[in-house]
């Protein structure tokens, strides 16, 4: 049986992330993140640190059990020599805000790095909201 490629391993890690969101499992999400992980959400909120991200997801799941997100990779480009990769894809999600189910979707870019133990982890993700319901709250003005 052929060895999985780095692209295969990253796509598999992404699916584990999707399943962890579906199962409301913030601990599994934490295992997929580099310690210095950075996130820019579809609303342009920013968060830093894997430990903080685990706490944020746990609170999010507790406060909104309806929330679900799915990220679907379109392209994974790998620099094998350096152990880094970029993932480009589409995301969609729904959550409850002010007792209203809200749907949103868009595009994302993710930066991955291979650890010394050959595990791919997320260094950063940037999400951009493209489609949204009227109940979605836009980003704060700059």
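The values are calculated or read from the model by the stated rules, or taken from the named source; none is laboratory data. What you see is a predicted model, and the numbers here were worked out from it, not measured in a lab. Positions of Cβ are backbone-derived with ideal geometry, glycine not excepted, and every protein chain shown enters the neighbour counts.
When 99, 74 are checked against the criterion of being at positive phi and free of Cβ contacts under 8 Å to residues at least 24 places away in the same chain, a single residue qualifies: 99.
Exactly one residue among 40, 29 is crowded, with 16+ Cβ neighbours inside 10 Å and within 15 Å of residue 119 (Cα to Cα), and that residue is 29. Considering only residues of the stretch 43-63 that are modelled with pLDDT of 95 or more and assigned to a loop (DSSP other than H, G, I, E, B), which is surrounded by the most Cβ atoms within 10 Å (Cβ to Cβ)? Among those that are modelled with pLDDT of 95 or more and assigned to a loop (DSSP other than H, G, I, E, B), it is 49. Filtered by the rule that a residue be part of a strand (DSSP E or B) and either exposed (fewer than 10 other Cβ atoms within 10 Å of the Cβ) or touching a helix residue (DSSP H, G or I) at 6+ places or on another chain (Cβ under 6 Å) (or both), the stretch 99-142 gives 112, 120. Among the residues of the stretch 30-42, the ones that are outside any loop (DSSP other than H, G, I, E, B) and either over 19 Å from residue 89 (Cβ atoms) or in contact with a helix residue (DSSP H, G or I) (Cβ under 9 Å, 6 or more places away or on another chain) (or both) come to 8 in all. Considered as a group, the residues in the stretch 6-30 that are farther than 21 Å from residue 104 by Cβ and in contact (Cβ under 8 Å) with a residue 40 or more places away in the chain include one that is nearest to the chain's Cα centre (by Cα), and that residue is 13.
Inspect the stretch 80-94 for any residue being over 19 Å from residue 7 (Cα atoms), modelled with pLDDT of 95 or more and surrounded by 15 or more Cβ atoms within 10 Å (Cβ to Cβ) and give the result as yes or no. There is at least one residue in the stretch 80-94 that is over 19 Å from residue 7 (Cα atoms), modelled with pLDDT of 95 or more and surrounded by 15 or more Cβ atoms within 10 Å (Cβ to Cβ).
Failed condition for residue 62, given (1) without any contact (Cβ under 8 Å) to a residue 12 or more places away in the chain; (2) touching a helix residue (DSSP H, G or I) at 6+ places or on another chain (Cβ under 9 Å), with all others met? Here residue 62 clears every test but (2).
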